[in-house]
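Structure, as structure tokens:
The values are calculated or read from the model by the stated rules, or taken from the named source; none is laboratory data. All values reported here derive from a predicted model rather than from experimental measurement. Positions of Cβ are generated from backbone atoms using ideal geometry, with glycine treated the same way; all protein chains shown enter the neighbour counts.
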Amino acid sequence: MSNLLIIAFSAFFIQNVLLTQFLGICSFIGVGKKRSSSLGMGLAVIVVILLASVVTWTIYKYVMLPLDIGFMKTIVFILVIAALVQCIEIIIKRFSPALYKALGIYLPLITTNCAVLGVAITNVNRDYSFVEMLVYSLAIGLGYLFVMYIYAIIREKLDRNPVPKAFQGTPIAMIVAAILAIIFARFGGLV
Amino acid sequence: MTMKENFLKGFIKENPLFVFVLGTCPALAITTTLENAIGMGVAVLFVLMLSNLLVSLVTVNPKLRELVMPVRIPVYIVLIATLVVIVEMLMKAFVPALYRTLGVFIPLIVVNCIIFGRAEAYASDHKPLESVIDGAGMALGFAMAIMIISLFREILGAGTITLWSQGANLSLDLHFIFEFLGIEPIDMFLKPVGAFMTFGVIMAVIAAATNAKAEKAEKAAKNAKTGQSGVTK
């Protein structure tokens, strides 16, 4: 149990997917401008990371390892993720148009989000058990949503303040991320 | 566009990292030493040149193009992923230490937006040779950008410049500068904070330079106009 807690805590705070591991930075800079869109993207990422991790972990453990084709994991994982995202999109569109309206535009972006593929590869590289993999993926997804939301709040406030001309746009976004990273780096002393 | 212009556009005018802000994940994550940046640059160069070649070969034939176009995204993914696996295996065999430090970011070249972007935006409707040159220019532009970032981070953070440390040790120790100034290297630059900070400041400097240039051009245009109108009067 304590093992699972440590995995969850370090995935959420210490090795935060955005601020320490630098996975999914493109979406962080691009989508993290508004609170509503950051919430939508964050929820979509949580769902896709969880499903993709379960599917890729199962395929790796029960198909690829017995056949001794572990070196193919990059190709297999990216194809599985791309197919999965398409399936999720079709299912959501069919059964919940309201949810599709909220998450729909973020789903295609997620295929090329490094966080999803990165977590899938980390799961099998670290040899996690099924429960550990679930906890790790969920904590990573929640950490993504949490940081993205805080970041969007700061950037919304930033829009109403004068920023030096050279720093407008991406540069000031990076500086804000740097300050957030200082805060998250301090959690490293806790474990 | 001549061949030379096609090759050079990736360095300054259409630099994938500093102008289009693509491929930021590896640019922030692995730029702690110059050696990492060189390794990543070479890996991206290999993948981007060959992926551009393959994509352009697949789409240059009209019959094949008709077949591929509706399903081009999965086709590109398979082509790029295959090349990335080749790079992964080569690096694991010949530079195992570098492979371990770059870690998950080698397989993540698959989802690097630069490679996908060039396949979709350039290679899919240009000839094979042009596509390879474009790929080489773009990849070298990206390599140059991450090398600039890592140079700042390594000198300020660790006080060294590591060109290569596998086998032959080609590194430069700059600690005497810090000793002369009576300070320690600033550890912060090796941490995530330093990555965001360095990238943000470099982007701001580039933006300032572009703004200054645009202002100057505007002023010159204005002067020319008033001068002209003065003459006509």
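State whether one or more residues within region B:169-188 are touching a residue at least 24 places away in the same chain (Cβ under 8 Å) and aromatic (Phe, Trp, Tyr). No. One residue stands out among those in region A:58-93 that are of a type in the set (Lys, Arg) and more than 20 Å from the chain's Cα centre (by Cα): the one that is surrounded by the most Cβ atoms within 10 Å (Cβ to Cβ), which is A:Lys61. Give the residue, chosen from B:Leu170, B:Leu163, that is modelled with pLDDT under 90, surrounded by fewer than 19 Cβ atoms within 10 Å (Cβ to Cβ) and in contact with an Asp or Glu (Cβ under 8 Å, 6 or more places away or on another chain). Just a single option satisfies the conditions, and that option is B:Leu163.
The rows are residues; the columns are (1) at pLDDT 90 or above; (2) among the β-branched types (Val, Ile, Thr); (3) in a helix (DSSP H, G or I).
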| site | (1), (2), (3) |
| --- | --- |
| B:Thr198 | yes, yes, yes |
| B:Met203 | yes, no, yes |
| B:Ala208 | yes, no, yes |
| B:Lys216 | yes, no, yes |
| B:Ala224 | no, no, yes |
| B:Gly230 | no, no, yes |
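Among the residues making up region A:115-153, those that are among the hydrophobic types (A, V, I, L, M, F, W, C) and loosely packed, with under 15 Cβ neighbours inside 10 Å are A:Phe130, A:Val131, A:Ile153. Looking only at region A:155-174, decide whether some residue is under 30 Å from A:Met1 (Cβ atoms) and over 19 Å from the mean Cα position of the chain (by Cα). No, that holds for no residue. Picking from residues in region B:90-116 that are buried (at least 23 other Cβ atoms within 10 Å of the Cβ) and free of Cβ contacts under 8 Å to residues at least 60 places away in the same chain, the one that is nearest to B:Met49 (Cα to Cα) is B:Val110. Got a number for residues in region A:100-123 being out of contact with any Leu (no Cβ under 9 Å at 6 or more places or on another chain) and of a type in the set (A, V, I, L, M, F, W, C)? Final tally of qualifying residues: 5. Just one of the listed residues (B:Glu14, B:Glu35, B:Glu88) is closer than 21 Å to A:Thr74 by Cα, out of contact with any His (no Cβ under 6 Å at 6 or more places or on another chain) and among the acidic types (Asp, Glu), and it is B:Glu88.
In region B:38-52 there is no residue that is under 20 Å from the mean Cα position of the chain (by Cα), touching a residue at least 60 places away in the same chain (Cβ under 8 Å), crowded, with 21+ Cβ neighbours inside 10 Å and not in a helix (DSSP H, G or I). Inspect region B:61-72 for any residue being closer than 20 Å to B:Leu22 by Cβ, within 24 Å of the chain's Cα centre (by Cα) and assigned to a helix (DSSP H, G or I) and give the result as yes or no. No, because not a single residue in region B:61-72 is closer than 20 Å to B:Leu22 by Cβ, within 24 Å of the chain's Cα centre (by Cα) and assigned to a helix (DSSP H, G or I). Among the residues of region B:53-66, count how many are surrounded by 14 or more Cβ atoms within 10 Å (Cβ to Cβ) and without any contact (Cβ under 8 Å) to a residue 60 or more places away in the chain. The total comes to 3.
Only one of the numbered conditions (1) closer than 24 Å to B:Val111 by Cα; (2) over 11 Å from the mean Cα position of the chain (by Cα); (3) touching a residue at least 40 places away in the same chain (Cβ under 8 Å) is not met by A:Asp127, and that is (3).
Restricting to region A:165-184, name every residue that is within 22 Å of B:Thr210 (Cβ to Cβ) and more than 8 Å from chain B (Cβ to nearest Cβ). Scanning region A:165-184 gives a single hit, A:Val176.
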